[in-house]
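What follows is a short report on a single structure.
The numbers here are math on the coordinates, done by the rules we state, and not lab data. Model, not experiment: these values are computed from the prediction. Note that we place each Cβ from the backbone using ideal geometry, even for glycine, and neighbour counts take in every protein chain shown.
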Amino acid sequence: MTNVKKIYIILLAAVLFINGCDSKKFEQSEDGYKYMFVNKTDGAKPTDGSVAIYNLEYRTENDSLIFDSNKVGEPIAIPCTMEQWNKMGPLYKALLTAGEGDSIILKIPTKTLFKESFGMEAPPELQSSEEITLYIGVVDVTTQSEFEQIQIKKAEGQVEKDVEIIEKYLEDNGIKAQATVSGLRYLVVKEGTGKQAKAGDKVSVHYTGTLLDGTKFDSSLDRGEPFKFDLGRGMVIPGWDEGIALLKEGGKADLYIPSSLAYGNRGAGAAIKPNSILKFEVELIEIE
């Protein structure tokens, strides 16, 4: 059994345990939050410049689920900057006390949690809940460079999977698209006759974005106005920066974008799950 699974099982047991747990089991911190270690080890704690990786679950005092990292698909990685963490309220101060392999339960007043740790007001649907219960399992504490190497290896493996899926989709639908080194596949639907797009240009683009199964998640056409951005400046997903640069003014193309060139393992909203391959029908309207 992997460490990730072990820590998730510990957290799951904690969720079941806490429902019948007397509040006296919790200790009170100087910062006003209640805490209880479910599992305590001598594992490495977050330090300045490290990256800590957590299984996280948040629930209201009525046990309604707010967030579960297991449903996202993988643990949450949080870079540690000690100066910043010490200013970000009780949640981050509590995280500094938990080391690799530890599981801890926190009870933090709702308004305090959102204002001091998240920098925002509590959402209206949570304002009636006096406190939030957080179940936290520390999966790993690593250096920034090690974390980046792990992410690179994951991304490389994911690109191979995504390209295989895209190629099968194209073959099944009789689409003869062109390929780039990054894994992007594109089909020029209409050749443009204007200027060639290049990095630094302010471009105006109409688009419709769908998943490979045809589910539409966004369209500038529905809003009745094109989307404008500076090309090649990281203002959009990498697949767009690369794909739009292949067009001239007036050109249209279908872009088939691997998840690593889109929203990766983060996903985006309810429609775009982690590691989603995206298809965009794009038209380069104008280069300003």
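Mind checking which lysines have their Cα closer than 27 Å to the Cα of K25? Skip sequence neighbours fewer than 8 apart in that chain.
K5, K6, K34, K40, K45, K93, K107, K111, K115
Compute the Rg/Rh shape ratio of the chain: radius of gyration over Kirkwood radius, all on alpha-carbon atoms.
On the way: Rg = 23.0 Å, Rh = 21.7 Å.
Radius of gyration relative to Kirkwood radius: 1.06.
Considering only D68, D254, D222, give the residue with the highest GNM mean-square fluctuation for the chain, with springs between Cα atoms whenever their separation is below 10 Å.
Greatest mean-square fluctuation among the candidates belongs to D222.
Pairs of alpha-carbon atoms within less than 8 angstrom and 6+ residues apart define the contacts here; what relative contact order does the stretch 100-139 have, in percent?
Numbers: 51 pairs, mean separation 24.4, N = 40.
In percent, rounded to a whole number, it is 61.
Using helices alone, what [θ] at 222 nm do you get for the chain, with -39,500 (n - 2.57) per DSSP H run of 4 or more residues, divided over all residues and rounded to the nearest 500?
Numbers: 7 runs with 71 residues, N = 288.
That comes out to -7500 deg cm²/dmol.
Where in the stretch 167-260 are there trypsin sites (Lys or Arg not before Pro) that are in a DSSP coil and have at most 15 other Cβ atoms within 10 angstrom of their Cβ?
K176, K195, K198, R233
Can you give me the angle between helix 3-18 and the longest principal axis of the chain, using Cα atoms only, in degrees from 0 to 90, rounded to the nearest 10?
The helix 3-18 is inclined about 50 degrees to the chain.
Distance between the C-alpha centers of the stretch 52-95 and the stretch 233-255? Whole Å please.
If you average the Cα positions of each part, the centres end up 35 Å apart.
Listed highest first by mean packing, meaning other Cβ atoms within 10 Å per residue, what order do 135-141, 34-40 come in?
Values: 135-141: 23.9, 34-40: 17.1.
The densest-packed peptide leads the list: 135-141, 34-40.
Less than 29 Å apart at the alpha-carbon level, and either on another chain or at least 8 residues along: which lysines does that give for K195?
The qualifying lysines are K176, K228, K248, K252, K279.
If one takes the longest principal axis of the Cα atoms in the chain, at what angle in degrees, from 0 to 90 and to the nearest 10, does the Cα axis of helix 144-172 lie?
The helix 144-172 is inclined about 50 degrees to the chain.
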